[in-house]
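J.: This is the structure I want to talk about, given as structure tokens.
Each reported figure results from applying straightforward, stated rules to the coordinates on display, with no laboratory input. All values derive from a computational prediction rather than experimental measurement. FYI the Cβ positions are ideal-geometry reconstructions off the backbone, even for glycines, and counts take in every protein chain you see.
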Ligand SMILES: [Zn+2]
């Protein structure tokens, strides 16, 4: 059994570095698989969307205090603000890899939103509690229902680009090592 004090400072750093890389590679494989699933296999629902759904519904409750329109928009706003807030949180703490994964999550969440916007006219998606369709209400209020498909496509493109950028930056962070982005790194 290796005693702790037999490792030099450099060796201990290297062992920790290896563990960090291993954890990041596992996370990257999961994120990579979801990227393929969404962008190439056209998936429309995954486990991550379960989390997005809970955040979405919380957003309605939170923004509902600010009026009907913001209440309806609140679900989508929460789906944007929560991953964005997480990305900023990790970024300001110099945890670049975690920030890149949250940036990827923001993109994935936007893809989820784009599916909902695209459904604004047809309204074929099953709704939680059978309530009002957010985007049918919002685009109807703004007299933009005829632009639903264009808006959905734009949101999907932005989401896809964010997912790819997050994935690419995550790979870059792994190559740079655990100290990348820190005050001393
Ligand atoms: Zn909603």
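J.: Any residue in the range 71-99 that's touching a residue at least 60 places away in the same chain (Cβ under 8 Å): show its pairings with residues that are part of a helix (DSSP H, G or I) and within 14 Å of the ligand (Cβ to nearest atom) at Cβ separation under 8 Å, as long as the two are six or more apart or on different chains.
T.: 72/60; 72/134; 72/137; 72/138; 73/63; 73/134; 73/138
J.: A further question follows. Among the residues of the range 48-70, count how many are over 15 Å from residue 113 (Cβ atoms) and touching a residue at least 60 places away in the same chain (Cβ under 8 Å).
T.: 1
J.: In the set 108, 143, which member is out of contact with any strand residue (DSSP E or B) (no Cβ under 7 Å at 6 or more places or on another chain), more than 16 Å from the ligand (Cβ to nearest atom) and outside any helix (DSSP H, G or I)?
T.: After ruling out the rest, the residue left standing is 143.
J.: Inside the range 111-140, can you point out the residues that are under 17 Å from the mean Cα position of the chain (by Cα) and either surrounded by fewer than 15 Cβ atoms within 10 Å (Cβ to Cβ) or within 12 Å of the ligand (Cβ to nearest atom) (or both)?
T.: Restricting attention to the range 111-140, the residues satisfying the condition of being under 17 Å from the mean Cα position of the chain (by Cα) are 111-116.
Answer for the range 111-140, where residues must be under 17 Å from the mean Cα position of the chain (by Cα) and either surrounded by fewer than 15 Cβ atoms within 10 Å (Cβ to Cβ) or within 12 Å of the ligand (Cβ to nearest atom) (or both): 112, 113, 116.
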